Each structure stands twice: as C-alpha cells, then as structure tokens.
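Presented below is the structure to which this report refers.
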Amino acid sequence: MTPPAVLVKHLQVSYGRQPVLRDLSIEVPEGAFFIIIGPNSSGKTTLLRAIAGAVKPQQGQVEIWGALVSHFSKKALARIVAVVPQRVATDIPFTVREVVLMGRSPHVGWMGLEQPRDLELAEEAMTFTNVAHLAQRPLPELSGGELQRVIIARAICQQPRLLLLDEPTAALDPAHQINLMDLMAQLQQERGLTVVMVSHDLNLAAMYGEQLLLLKEGKTVQSGRPADVLTYELLEQAYGCPVLLDTNPLGQVPRITLVPKRFLGPPFLIHEARRK
Amino acid sequence: MSWSSLSLGRRWLWVILVGGLLLTLSLALGMCLGSTPAGWRRNLAALLGRSEPRDILTTIIWRIRWPRALMAGLVGATLSLGGLVFQALLRNPLADPYILGVSGGSAVGAILGLLAGLAPFPGVALLAFLGSMGTLLLVLVITTGEPGGRKGSLLLSGVMVNAFCSAVIIFLVSITQDVRLHNMLYWLMGDLSMSSPDHVTLLIYLLAPCFLVILCLARPLNLLLMGEETALYLGLNVAVTSRVLLIVTSLMVSLAVGQSGLVGFVGLVVPHLFRLLLGPDHRLLIPACLLGGGSYLILCDLVSRVLSSQGEMPVGVITAMVGAPLFVLLLMRSR
C-alpha cells in the first residue's frame with residue numbers, strides 16, 4: 001500500500017503568539033484533487049505553506065509519501081512538490097520561457113546550466129498551459145490569466161508529484177477560471193498528479209474537488225466528499241453568513257448561492273424557506 | 001534575429017567576446033596614454049616587449065601604468081558586481097555596493113590610518129578593510145533573528161551605520177589641518193595612484209575566489225529576483241544562499257575599497273546599464289559586469305589622468321561626473 005501523498009498530524013503553527021493552525025490533522029490520498037476552503041484567516045494558506053515546507057510547525061508534523069517534510073533538503077523537496085503561490089513578482093522583465101525554465105532549478109546541477117531535455121520540458125509545459133506563443137514576452141506585459149498559466153507551466157516543468165495552488169482562480173474571469181480548473185483536472189487524471197488547492201470559490205470546489213477540507217480558525221470543521229462538507233449548517237457555521245443550497249443542474253454536486261441582505265427579511269425569510 | 005531569441009549559450013559567448021575585447025582595448029589605452037606622450041609605434045613596441053632595453057617608456061608602461069590600469073579594472077569589476085548582487089539580494093534598484101555600511105566603516109578605518117601616519121599599503125588598506133568588516137558584522141548582528149522584515153532592517157541599519165560613520169569622518173577631517181587632510185580627501189573621493197604590482201597581485205588572489213563564488217550563484221540570484229518565497233519553492237535554500245552572497249560580496253567590496261578609496265557610482269550605473277542592454281538574467285549580467293565594470297573604471301581613471309596635466313585628479317570625480325548624468329538618462333529612458 002502506498003502511503004498517502006500528504007499526511008498532516010496534529011499540526012500547530014503560530015505567527016508570534018497568534019495560533020494559526022491548531023491541532024490539525026488531514027490525509028490526502030495519492031492522485032486526489034483536494035480543495036481547502038474556509039473563511040479569511042482560517043489558516044488555509046498557512047496549511048499550504050506548511051505542506052510546502054515554508055513554515056516550521058511548533059508542534060506536529062507533515063509527511064509526504066511517508067517522509068517528513070522537515071527532513072528534505074529544499075532542493076529535494078522542490079523535485080516532488082511544486083507551488084503556485086497567490087502572489088508572484090511580476091516587475092522583473094524575465095521572458096516567459098526564462099520563467100518557465102526556472103522550474104528546472106531543482107533538477108539542474110549546481111552550475112545551473114540547462115540541458116536540451118530541460119528546454120524540451122519547458123516547451124511542453126508551455127504548450128500544455130497554452131502560453132507557448134508568449135515564450136518571448138517579458139513578464140510585466142502579461143495579463144492576469146496569462147501570468148497564472150505561466151506560473152502553472154513553471155510548476156509543471158518542475159515535474160512534481162504534488163501540486164499546491166493558493167487561490168489560483170482569484171484574479172481570473174469566468175472563462176479563465178474554468179480553463180484553469182480543467183487544466184488541473186487534466187493534470188490530475190492524465191498524469192496522476194496529486195493536486196491540493198486553496199479556493200474561495202465554493203462552486204468550483206464543489207464541481208472539481210474529490211475531497212474538501214473546510215477550515216475555520218485553524219481547525220477542521222469538516223472534511224470529506226463535497227456533499228458531506230457543503231451543507232447549510234457547516235457553511236453557516238464556518239462563514240457566519242446564510243447560503244442557499246440546491247443541486248447543480250450539471251450533476252449530483254451541491255450548488256451554493258450567496259444571499260444578499262435584502263433577501264433576508266420578509267417575504268424571503270430564508271429560514272422559513274429552508275424548512276420547506 | 002533579436003537578442004532575446006538567441007540561445008543562452010550564444011548570448012553568453014557574445015558577452016564574453018565583446019566584453020573581453022572592450023577590456024583589452026581599455027587596458028591597452030590605459031597603458032599607452034599618460035603624461036609621457038609617445039607615438040603609437042613606440043607604445044606598441046613597449047607593449048609587446050620589442051623596444052630597446054632600459055627604455056624609459058617601457059618602465060613607465062609596465063611599472064606604473066600597467067598595475068594602475070589593472071587595479072582600476074579589478075576595483076571597477078568588484079564594485080559593479082557588488083552593486084549587481086546587492087540590487088538583486090535586496091530587490092532594490094538603488095542598492096549600491098556600499099549599502100551595508102561598507103563605505104562608512106572602511107572610510108573611518110582609512111582616515112584613522114592616515115591620521116596615524118601609516119603607509120598607504122598595508123597600513124591604511126588594512127585598517128580600511130577592518131573598518132568595513134566591523135560595520136558589516138555590526139549590521140549582521142543587528143539584523144539576526146529577524147526572519148520577516150530582514151531586507152528592510154538590513155537596508156535601514158546599513159544606512160544608519162553609514163550615517164554615523166560619515167559624522168565620525170567629518171569630525172576627524174575637521175580636526176585635521178595639515179597635509180594629511182589632502183590625503184584624506186583623496187581617499188574619500190577614490191584614488192588609484194597608490195597602485196603597485198605587489199598589491200595588484202595580492203588583490204587578484206583575494207578577489208578571484210569571490211568572483212567565482214558569485215558566478216556559481218548566478219541561477220540562485222535569478223530565483224531570488226522572483227521573490228524569496230518563490231525561490232524557496234523552486235528548491236533554493238534562501239537563508240544560506242543570501243548569507244553567503246551577503247558576506248562574499250561585502251568581503252570583496254571592502255577588499256577593493258581598502259585599495260582604492262571610495263569610488264562612487266560604478267556599482268550603481270554599470271549593473272543598470274547592462275540590465276537595460278541584456279535583460280535580467282544574472283548568468284549574463286555577472287560576466288558583463290566583471291568585464292564592463294572593469295573597462296569603465298580603467299577608462300574613467302584614464303580620463304582623470306589625462307585631464308589633470310599637473311598632479312592627479314581622484315578617479316571618483318570622473319566616475320561620479322560621468323556616472324550621475326548617465327544614470328539619470330537611463331532612468332528617464334527606462335520609464
């Protein structure tokens with residue numbers, strides 16, 4: 001039996017005195033599409049950074065395929081785990097090809113010279129995320145959607161087994177959002193990548209996530225299949241705002257509708273509506 | 001065929017070829033021009049060692065101008081490379097090789113040496129080196145154990161240390177009234193007239209390993225430019241790499257400053273110029289700064305020697321007078 005891709009045991013992380021994650025335990029099976037949801041400052045990004053080895057836990061541990069993250073060298077870890085962070089520096093005029101080739105960094109020797117194989121992998125990654133035509137363009141000239149696809153191409157070029165993404169759809173229009181999510185699903189299904197993503201978009205999470213983790217104040221509210229996590233009670237408990245839930249017309253997944261304040265009073269008494 | 005569509009290897013070759021040519025030409029010019037004029041035939045003969053024995057020109061060229069041009073080249077290369085590294089490391093385009101208090105510390109050391117009446121070498125140079133190492137150590141101690149805002153506090157403590165040191169310098173200068181004042185001001189403006197073959201050889205042995213370390217860290221420098229977190233995710237041990245770069249760079253800059261005094265603007269202008277020409281890739285910028293920065297200071301030193309027919313003009317005057325307008329021009333063009 002292969003060990004789980006990610007195993008987090010009793011993880012506790014604090015910034016200063018402020019605890020961000022409290023006694024958190026999760027398990028992500030190999031090849032899963034795992035989405036972390038939860039309100040702002042619930043510790044989603046910190047959890048992602050802990051899995052990527054970027055924050056030191058006060059207590060508990062993170063394992064990747066059975067090996068402790070803290071025991072990896074930075075380079076060895078980067079050969080297995082790739083991260084698409086929320087914010088990236090865009091002010092330096094590296095070309096798209098140069099940025100994607102940076103994904104080869106953990107694989108090239110200490111002189112940092114790329115072999116023809118590295119260039120091939122970069123071209124392939126750029127083709128996969130549909131940015132090959134931008135190869136010569138400098139980074140500051142790209143749009144938000146293009147930039148996100150370039151950073152994902154860099155992550156693919158890294159040839160990871162585990163891909164971590166922090167709100168990759170946050171700055172994208174609907175078409176780009178769906179394209180990106182489809183790309184992730186394709187990576188996961190065709191290449192067997194394990195994808196762990198932080199998202200604020202509950203509907204995307206419902207449609208794409210095989211397993212969801214709902215966090216609040218650094219603790220698990222619920223974890224499991226979308227239908228088990230996305231319920232009124234749990235969502236209201238986590239986010240503190242009322243939501244409407246029904247079934248997505250596309251299939252057997254929940255659909256979440258946010259409710260503006262003017263619909264909360266009569267005659268749209270939401271609590272009444274829910275009881276029916 | 002545009003520059004950026006060439007393969008990295010091709011671009012690297014171009015940089016080495018053009019930079020090498022530029023450096024060779026600058027060295028040749030620096031050796032042939034000076035206050036003892038001679039026709040190009042005699043110069044060429046002296047350069048190639050074909051002139052008659054005990055020719056006075058040969059002596060001037062090989063005993064005086066050669067070490068001086070070489071020293072200018074070394075100092076120029078070091079300062080340009082230092083500026084390049086600090087600009088990437090601190091992600092601040094205005095960082096210069098002196099940013100961490102290297103200049104202030106070494107100036108205090110050098111001036112104390114001059115006041116004590118020490119010889120320019122090794123006395124003054126050694127004190128200047130110790131001074132800059134002392135300030136560097138101080139800055140590192142102040143900023144240790146501060147993972148988050150390290151860059152900001154590095155910059156700030158560097159600025160503070162430099163400010164304190166310049167107050168000390170002005171204090172020392174204002175209580176000095178004899179001939180030593182002249183030497184002090186020269187040192188503060190950058191002065192290559194003390195170069196001798198022995199110093200140059202020593203400096204080459206000390207600087208070469210520093211250059212080599214930084215050359216090997218070209219790719220990590222590119223990653224650091226993308227932000228520390230991204231660099232970490234791409235497999236770079238950011239904490240160790242930044243420390244190594246910080247210490248090696250400060251070491252080589254203070255070695256150079258101990259020999260040459262404070263030569264300004266080279267470390268600011270040269271890296272920016274090459275960034276505009278070649279793009280942000282440090283695998284090209286490092287060799288370009290070494291060759292181009294060396295050439296720049298050799299030529300500036302040449303100008304300062306030719307312009308002042310009587311006595312000498314500190315080379316720092318020329319680097320700043322050429323460098324400051326050039327920098328403003330670049331800044332305006334890059335907008």
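The values are calculated or read from the model by the stated rules, or taken from the named source; none is laboratory data. Small disclaimer: the values here were computed from a predicted structure and weren't measured. Cβ placement follows ideal geometry from the backbone for every residue including glycine, while neighbour counts extend to all protein chains displayed.
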(request) Would you check which residues across the stretch A:201-251 are touching a helix residue (DSSP H, G or I) at 6+ places or on another chain (Cβ under 8 Å), modelled with pLDDT under 90 and among the β-branched types (Val, Ile, Thr) and list them? (result) A:243
(message) Can you say whether residue A:203 is more than 23 Å from residue A:122 (Cα to Cα), surrounded by fewer than 21 Cβ atoms within 10 Å (Cβ to Cβ) and not assigned by TED's automatic domain parsing to the domain that holds residue A:105, as far as the supplied structure shows?
(response) yes
(message) For the stretch A:166-184, check the following and say yes or no: at least one residue is outside any loop (DSSP other than H, G, I, E, B), modelled with pLDDT of 90 or more and within 12 Å of chain B (Cβ to nearest Cβ).
(response) yes
(message) For the stretch A:92-102, give me each residue that is closer than 15 Å to residue B:229 by Cβ and not β-branched (Val, Ile, Thr).
(response) A:102
(request) Please state which of the following conditions residue B:329 fails to meet, knowing it meets all the rest: (1) within 14 Å of chain A (Cβ to nearest Cβ); (2) over 19 Å from residue B:76 (Cα atoms); (3) without any contact (Cβ under 8 Å) to a residue 40 or more places away in the chain. (result) (1)
(request) Kindly provide the set of residues from the stretch B:62-91 that are of a type in the set (Val, Ile, Thr) and buried (at least 24 other Cβ atoms within 10 Å of the Cβ), ordered by number. (result) B:75, B:78, B:85
(request) Go through (1) closer than 22 Å to residue A:242 by Cβ; (2) touching a Ser or Thr at 6+ places or on another chain (Cβ under 9 Å) one by one and return the number of the condition residue A:231 breaks. (result) (2)
(message) Return the residues of the stretch A:230-256 that are assigned to a helix (DSSP H, G or I) and touching a residue at least 40 places away in the same chain (Cβ under 8 Å); say none if nothing qualifies.
(response) A:232, A:238, A:239
(request) Look at residue A:28 and say whether it is touching a residue at least 60 places away in the same chain (Cβ under 8 Å), among the β-branched types (Val, Ile, Thr) and within 14 Å of chain B (Cβ to nearest Cβ). (result) no
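Residues of the stretch A:145-172 being in contact with a His (Cβ under 7 Å, 6 or more places away or on another chain) and among the hydroxyl-bearing types (Ser, Thr, Tyr), which ones?
Answer for the stretch A:145-172, where residues must be in contact with a His (Cβ under 7 Å, 6 or more places away or on another chain) and among the hydroxyl-bearing types (Ser, Thr, Tyr): there is none.
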(request) Within the stretch A:15-41, work out how many residues are part of a loop (DSSP other than H, G, I, E, B) and within 17 Å of residue A:165 (Cβ to Cβ). (result) 3
(request) Run down B:94, B:100 and say which single residue is outside any helix (DSSP H, G or I), within 19 Å of residue B:213 (Cβ to Cβ) and in contact (Cβ under 8 Å) with a residue 12 or more places away in the chain. (result) B:100
(request) Could you tell me whether residue A:88 is under 23 Å from residue B:239 (Cβ atoms), surrounded by fewer than 22 Cβ atoms within 10 Å (Cβ to Cβ), in contact (Cβ under 8 Å) with a residue 60 or more places away in the chain and in contact with a helix residue (DSSP H, G or I) (Cβ under 7 Å, 6 or more places away or on another chain)? (result) yes
(request) Hey, can you tell me all the residues within the stretch B:259-277 that are small (Gly, Ala, Ser) and either in contact with a Pro (Cβ under 9 Å, 6 or more places away or on another chain) or without any contact (Cβ under 8 Å) to a residue 40 or more places away in the chain (or both)? (result) B:261, B:267
(request) Among what's in the stretch B:201-219 and is part of a helix (DSSP H, G or I) and within 12 Å of chain A (Cβ to nearest Cβ), pick the residue that is surrounded by the fewest Cβ atoms within 10 Å (Cβ to Cβ). (result) B:212
(message) Could you check the stretch B:176-197 and list, in sequence order, the residues that are farther than 15 Å from residue B:313 by Cβ, surrounded by fewer than 20 Cβ atoms within 10 Å (Cβ to Cβ) and either in contact with a Lys or Arg (Cβ under 6 Å, 6 or more places away or on another chain) or among the small types (Gly, Ala, Ser) (or both)?
(response) B:196
(request) Kindly establish whether residue A:2 is among the polar types (S, T, N, Q), over 23 Å from residue B:232 (Cα atoms) and assigned by TED's automatic domain parsing to the domain that holds residue A:212. (result) yes
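For (1) within 13 Å of another protein chain (Cβ to nearest Cβ); (2) charged (D, E, K, R); (3) surrounded by fewer than 23 Cβ atoms within 10 Å (Cβ to Cβ), each residue gets a yes or a no:
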position: B:199; (1), (2), (3): no, no, yes
position: B:221; (1), (2), (3): yes, no, no
position: B:228; (1), (2), (3): yes, yes, yes
position: B:233; (1), (2), (3): yes, no, no
position: B:247; (1), (2), (3): no, no, yes
position: B:265; (1), (2), (3): no, no, no
